[in-house]
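**Student:** One structure, as C-alpha cells, below. Some questions next.
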Amino acid sequence: MHVGIVTQTYQAKIYVTLRPSVLDPAGTAVQTGFKQLGYDNVGPIRIGKYIELTVSADDEDAASQQVDRMCDQLLANPVIENYRFDLQLAPTAGAAK
C-alpha cells in the first residue's frame, strides 16, 4: 500500500478441493453413510474447504494477487488441491444485510 492512496477492503470466498486424481477418503465415508441411510442415488462425493477472509488493498487486482498467493502458500496444498476464489468489495460497517 502506498501513502496517500485510499485502500479498499475486499471479501474473499475461497473454495479448496482435492484434485480429481487424488482419492478422497472423507468423501467415500460420507457416501457410505448416505447409502446406509438409504440414499443410494448420491455420489460420488468430494469433500473440500470453504474459507472467508477480508483483505485491504489499493485495488481489486492487488487484492486478487494477494489472495492468490495466500492460497498457494498456506490455504491449499498445490500438490494435491485446487482452489478458486470470489472477490468483492466488503460491505461497509453498518450496511444493511
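**Student:** Using the number of other C-beta atoms within 10 angstrom as an exposure proxy, rank VAL6, VAL16 with the fewest first.
**Tutor:** Neighbour counts put them in this order, fewest first: VAL6, VAL16.
**Student:** At a Förster radius of 30 Å, what calculated FRET efficiency corresponds to the Cβ-Cβ distance of LEU37 and ASP72, to the nearest 0.05?
**Tutor:** Values: r = 38 Å, r/R0 = 1.26.
Rounded to the nearest 0.05, the efficiency is 0.20.
**Student:** Nearest 10 degrees is fine. How inclined is helix 60-70 to the longest principal axis of the chain, computing both from alpha carbons?
**Tutor:** 50
**Student:** Which of rounded, prolate or oblate describes the chain when judged by the alpha-carbon gyration tensor and an a/c cut-off of 1.5?
**Tutor:** It comes out oblate by the Cα gyration axes.
**Student:** In whole Hz, what ³J(HN,Hα) sequence does region 45-52 give by Karplus (6.51, -1.76, 1.60; θ = phi - 60°), x for Gly and Pro?
**Tutor:** Ordered by residue, 3J(HN,Hα) equals 10, 10, 9, x, 10, 10, 10, 10 Hz.
**Student:** Counting only C-alpha contacts under 8 Å and six or more residues apart, can you give the relative contact order of the chain as a whole percent?
**Tutor:** Details: 128 pairs, mean separation 44.2, N = 97.
Reported relative contact order: 46 percent.
**Student:** Also, quick follow-up: Counting only helical runs of four or more DSSP H residues, what would the 222 nm mean residue ellipticity of the chain come to if each run contributes -39,500 (n - 2.57) and the total is spread over all its residues?
**Tutor:** Counting only the DSSP helices, I get -7500 deg cm²/dmol.
**Student:** Let me ask you something else. Taking the Cα atoms only, what angle lies between the long axis of helix 25-36 and the longest principal axis of the chain, rounded to 10 degrees?
**Tutor:** 50
Where a number appears in this text, it was derived from the coordinates with a stated rule and is not lab data. The structure presented is a predicted model; accordingly, all values stated were derived computationally and were not measured. With ideal geometry, Cβ positions are generated from the backbone for all residues, glycine too; neighbour counts draw on all protein chains shown.
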